[in-house]
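**Student:** The structure under discussion is supplied below as structure tokens; questions concerning it will follow.
The values are calculated or read from the model by the stated rules, or taken from the named source; none is laboratory data. Since we're looking at a predicted model, the values are computed, not measured. For neighbour counting, all protein chains shown are included, and Cβ atoms are generated from backbone atoms with ideal geometry for every residue, glycine included. Side chains included, ligands, DNA and RNA excluded: accessible areas come from the protein's heavy atoms. Shrake-Rupley method; radii C 1.70, N 1.55, O 1.52, S 1.80 Å.
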Amino acid sequence: MSRAKAFQDVTALCGNWMLQRWPKWVLNWQNQSLFASPMQVAGAALLLCSCLGGLVPVLWRGWVAAFGLSVPSAQWIEHQQQVQETMRLAVLQQSQAQSAEAAFAQQDLLLRQYQAHVDDLLVAWPNSAIRLTLLPRLHRMAQLRGLVVQQVKLTPEPTVHGFEASALKFSVLGTEVAVNAYWQDLDQWLQNGLWTAWVCRRQADGRYVLEGHLFLWWDAQDADTDTGVALQFEAAALANSRDPSREPSAHVLPKESHSQMRVVGLAQSSHASDRGEAWTWVRSGSQTHLVRPGQQLGLEQSQAKRTDAQGLWLSSGGGQPEVRLEWEGVKP
């Protein structure tokens, strides 16, 4: 079938369909009187323009969708979508940042509260250098209360949470009022202490015996403060007051035998003039004395040499072997 024949057939079908639907318009069209007036021509032209105006955007959209063309309107829509996604991500990041900041502020507040609690606790602690003069202070406190010191011993313990530790054991004898006041003084003064045991007993003569065991923590860094330096000078002065070079004829313990003496503690001097010497706390009866190397002890007039885990070694001279004062209780 030729193109002309096909066109005629399509035209005939359209003409028949138009004749059946609008016979009057077809008749006017055949008589060339369909657009006889100017108004009809203008109406037809307006209708044709309207149809073409509605058809062109449809065809354009189909053309763009079919061939994937990039047009300004599509680029603008895509840009708007990207802007909205960027804004959504920015809002999400801001929300996450605010949550992280709030969590950090809460953690910082807790850390500050904990540090303030630790600082308040450490402020009330005795300076760690007071260990050099702790035993004489305990003796003086007991004497001021009219108490008899039966035992006082300070031994080092392993470090706990970065703090140095010591174990203090004591036993005093006196009236009920004096014993109670002594216990309160210790509890208020040694606020870095944990009472592991304490017992108050009444004897047959009416006097009371107070026995206590304290576990003490010390902040070694505070020994470098002015208070710590002053306490170290006080300990050095206490040791120098018993220096045998100043009193060569005096004994540290002239009225007791070695058999009645026990080592109860150690103290390391940081004073420059002492060259880092270690002092030893020796108990004889109810008294505790500070002993330095070179001093003479007891009726035997033996010279103090060194202190180790076995005890304090003494030399009698004249080629005699060294003797040892043993530790009382737990060794450091």
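**Student:** Along the stretch 89-95, what does the Karplus equation 6.51 cos²θ - 1.76 cosθ + 1.60 (θ = phi - 60°) give for ³J(HN,Hα), rounded to whole Hz, x for Gly and Pro?
**Tutor:** Going residue by residue, I get 5, 5, 5, 5, 5, 5, 5 Hz, with x marking Gly and Pro.
**Student:** Now a separate question. Enumerate the calculated ³J(HN,Hα) couplings along the stretch 154-171 in order (Karplus 6.51 cos²θ - 1.76 cosθ + 1.60, θ = phi - 60°), each rounded to whole Hz, writing x wherever the residue is Gly or Pro.
**Tutor:** Along the stretch 154-171, the couplings run 10, 10, x, 10, x, 5, 10, 6, x, 9, 6, 10, 9, 10, 10, 10, 8, 8 Hz.
**Student:** Could you report the stretch 113-213's accessible area per residue, 1.4 Å probe, as an integer in Å²?
**Tutor:** Per-residue value: 53 Å².
**Student:** Dipole of the stretch 80-239, Cα-centred, from +1 at each Lys and Arg C-beta and -1 at each Asp and Glu C-beta, to the nearest 20 debye? Present the calculation step by step, with values, prior to reporting the outcome.
**Tutor:** Details: 11 positive and 17 negative charges, 142 e Å.
Using only the charged Cβ atoms, the result is roughly 680 debye.
**Student:** Tell me, what HN-Hα J-couplings in whole Hz come from the Karplus equation 6.51 cos²θ - 1.76 cosθ + 1.60 at θ = phi - 60° for each residue of the stretch 298-313, using x for Gly and Pro?
**Tutor:** Whole-Hz 3J(HN,Hα) from phi for the stretch 298-313: x, 5, 6, 6, 8, 8, 6, 10, 8, 10, 9, 5, 8, x, 9, 8.
**Student:** Ok, one more. Given H placed on each backbone N at 1.01 Å, which residues far from residue 253 in sequence or on other chains put an amide H within less than 5 Å of it?
**Tutor:** 298
**Student:** Quick one: which residues, 5 or more positions from residue 324 or on another chain, have an amide H under 5 Å from its amide H? H modelled 1.01 Å from N in the peptide plane, none for Pro or chain starts.
**Tutor:** 314
**Student:** Now for a different question. With a 1.4 Å probe and all protein chains kept in place, how much accessible area does residue 225 have, in Å² rounded to the nearest 10?
**Tutor:** Counting only protein heavy atoms, residue 225 exposes about 60 Å² to solvent.
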